[in-house]
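What follows is a short report on a single structure.
Derivation of every value follows stated rules applied to the coordinates shown; laboratory data play no part. Since this is a predicted model, take the numbers as computed values, not measurements. In this analysis, Cβ positions are derived from the backbone assuming ideal geometry, glycine residues included, and neighbour counts consider all displayed protein chains.
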Amino acid sequence: MEDRKLNLTLVLANDLKKSRFTGSMHVYVVVFISGDKDQKQRSSTDKQGDSNPTWNVPMKFVIDEEVSVSTLVVKIKAEGMFGGKNLGEVHVPVKELLEGFKGNGNAAQTVSYEVLRKPSGNRMGF
């Protein structure tokens, strides 16, 4: 089967729970396709948005049609003294994203997902 390209722009997150009691959060995301961490990508850090970060970062992935049952994983992190602190994750079935683009592949689509905290799975933001 033929590989497909998945182009996305990660725009923003809203109402993230603060990771610390004082100061503002410096938030970034790490995005990859489950089972294929070779295509892992990272956004720049939003140092001003605090619990409502904005990135507007374009990302491109190559999806093997046979692996289209994979999941796009978006890990939201805050910079910290000892590395990135996990704020939450979004898991999106790749098939769900690809089905919206069956035409000529040039259509744009806007989607929104809830951020889940690990390991409880509680809602954290949008």
Full-extension gain in nm, ARG42 to THR54, via 0.36 nm per residue minus C-alpha separation: 3.0 nm
Aspartates and glutamates whose Cα lies under 13 Å from that of LYS77, excluding same-chain neighbours fewer than 8 positions away: ASP46, ASP50, GLU89
For region 24-36, 3J(HN,Hα) per residue [Karplus equation, 6.51 cos²θ - 1.76 cosθ + 1.60, θ = phi - 60°, Hz, x = Gly/Pro]: 9, 8, 10, 10, 9, 10, 10, 10, 7, 9, 3, x, 9
Mean Cβ neighbour count within 10 Å, used as a protection proxy, ranking 84-91, 57-64, 110-117 highest first: 84-91, 57-64, 110-117
Estimated FRET transfer efficiency (LYS17, VAL62; beta-carbon r; R0 35 Å; 0.05): 0.55
Under Karplus coefficients 6.51, -1.76 and 1.60, residue-wise ³J(HN,Hα) of region 4-10 in Hz, glycine/proline x: 10, 9, 10, 9, 9, 10, 8
Projected label distance in nm at THR9 and VAL111, using a 7 Å step from Cα toward the beta-carbon: 1.7 nm
